[in-house]
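What follows draws every value from the coordinates through simple rules; no lab data is involved. It should be emphasised that the depicted structure is a prediction, and the values quoted were computed from it without experimental measurement. Every residue, glycine among them, receives a Cβ derived from its backbone with ideal geometry; neighbour counts consider all protein chains shown.
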Amino acid sequence: MKGRKLSMLAVLITFAMASLSATIVFPIFAPLFLSETSSIFIRSFSLYTRTLLLGVFLASFPLAQFFFSPVIGDFSDHRGRKKAFLLTLAIETIGYFVSAWGVQTVHLSLLFLGRLLTGLAAGNVSVCLATLVDLSRSEKEKVRYFSFGSIIMGIAFVLGPFIGGKLSDASVSPLFSLAFPMWIGFVLTLFNFCIVWLLFHETMPNVSRYTFKIAKAIENVELAFRTNHIRDLYLIYFYYLFSWNMIYQFLPAVMVSKFASLPSMIGDASALMGLVWIVGSAAMLWLMHTSLPMKRFLILFLIIFSFLGFFVSVPETYHTFLWVTSGAVLFAGSMWPIFTSAISNAADQSVQGKIMGLSQSIQSLAMVLAPLIGGFLIELHTAIPFILSSTSALLAGLFLTRTKSLYFQM
């Protein structure tokens, strides 16, 4: 029992540190690439070129995550959760160091390399989810644990961008710079490695020898889409995540271009979004104790989310913009624990690492395509990425109407 509690504590800390490290650096990217005073580009680079490079840069993290999450999840199924945690955290620590050094020395290639390394290591989120399944003794407990994870993610959305926005803004203190949040990410990840090393007890009953194969990531993704009973779930999950990522990743771009926001303002707005996400995730903790049909609620939530997402770029005042965006985030946060639980329910207990890794690949694919497509479309018109986001959410709701309710039962 003591080992179980310590393992749960280590997993929740890992979830928190991973989310905090990722979000604390979020406010620096738009100013780093789009600000006219940024020294990382020569002045001959047009705003259009900078925007496209920002899209490619944002996509590099989930691209690495896409290929490696299933491999890391499968590795944890065979060699144990702890080894997978320690491996990814070691890589992530190196990644944040390289990223910080790249910003510090104004070296764009190092910044991209660090982003790829941290994206590769982000597969430890799938190990976190698989471990929560290992520790769950019922379906309701599993949804509750996933809701805890979503709430932790929301808290990171509050603290990370807010802290990162302040620590990257030289107007707050001359000691701060755009590189400072990256150094904080390095320290947090190193601390996380020590916590897992000291506290985590292996939750897999059997471990075996396992040959690490990068090609297995592609094989596993192909296998998922050949499996009829989870293919539809992954497709719905992709449309939902694509819609959410299109909104989330381009909010700073709208704030910079439309409201001339500084990093500190982006951090403040992101903190507000995190608070709203927490409220949405906490609502699931209440709904799971009722006999209400989760599938119908998800369809309704997707429709409302689609409507609000459509109008994100419309408001002419900053306060109206925050109200509309907060409404969209509220419903996005309420849906994530149920979708994750449904995917887990569709797979056997022995392959939870792989299945959670595949869900991370689906998430990563959405995170890759959203900034790439959005980076091109936002230059044509600010509203186009958000119209596409709205359409994607509606497609998720449409496909959900044809999916079995069994996977959404708790």
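Odds and ends about this structure:
- For the range 88-211, the pair-distance distribution built from all alpha carbon pairs, in bins 10 Å wide starting at 0, is 12, 32, 33, 17, 6, 0 percent.
- Here the 3J(HN,Hα) profile of the range 186-203, calculated from phi with Karplus coefficients 6.51, -1.76 and 1.60 at θ = phi - 60°, is 4, 5, 4, 5, 4, 4, 4, 4, 5, 4, 5, 4, 8, 9, 6, 10, 4, 9 Hz, Gly and Pro shown as x.
- Lys, Arg +1 and Asp, Glu -1 on Cβ, resulting dipole of the range 48-165 about Cα centre, debye, nearest 20: 120
- ³J(HN,Hα) computed for each position of the range 356-373 - Karplus, 6.51 cos²θ - 1.76 cosθ + 1.60, integer Hz, glycine/proline x: 6, x, 5, 5, 5, 5, 4, 4, 5, 4, 5, 5, 6, 5, 4, x, 5, 5
- Near-label residues of the range 92-116 by backbone N, under 11 Å of a point 7 Å along Cα→Cβ of W197: none
- The ranking of K354, K82 by Cβ neighbour count inside 10 Å, starting from the fewest, reads K82, K354.
- Size descriptors for the range 150-200, from the alpha-carbon set: Rg then Dmax equal 13.3, 41 Å.
- Extension gain (nm, one decimal) between V172 and L135, 0.36 nm per residue minus Cα-Cα: 9.0 nm
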